[in-house]
Amino acid sequence: MRMTGAIMVAAGVLIVLSYFFVPLGRVLNWFWLLPVQLQIGFGVAAIGLTVLIISLLAERWKDRHKDKALRDETPTPS
């Protein structure tokens, strides 16, 4: 999950930097030259990845009290 988040952050940074640096701008221009099907596919994949990350974060947020209780418990010897 952290790796996916890191990849998304890296992709976002590259897109932002593409407006400041000409070589990275060419990458963004290359994306617009792709066939429409590939653009839509990349867009849907990015949206799906975002929904996945948000749902995982929401699940972790919901279960945070359970996790805290697990950390606070002292182990009992067998």
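The values are calculated or read from the model by the stated rules, or taken from the named source; none is laboratory data. Fair warning: this is a prediction, and the values are worked out from it, not measured in the lab. Positions of Cβ are generated from backbone atoms using ideal geometry, with glycine treated the same way; all protein chains shown enter the neighbour counts.
Tell me yes or no: at least one residue of segment 17-33 is modelled with pLDDT under 80 and among the β-branched types (Val, Ile, Thr). Looking for residues that are modelled with pLDDT under 80 and among the β-branched types (Val, Ile, Thr), one finds at least one in segment 17-33, hence yes. Within segment 12-33, being under 16 Å from ILE47 (Cα atoms) and touching a residue at least 12 places away in the same chain (Cβ under 8 Å) holds for one residue alone: ILE15. Residues in segment 41-56 that are under 19 Å from PHE31 (Cα atoms) and hydrophobic (A, V, I, L, M, F, W, C): PHE42, VAL44, ALA45, ALA46, ILE47, LEU49. VAL44 falls short on exactly one of the conditions (1) surrounded by 10 or more Cβ atoms within 10 Å (Cβ to Cβ); (2) modelled with pLDDT under 80, and that condition is (2).
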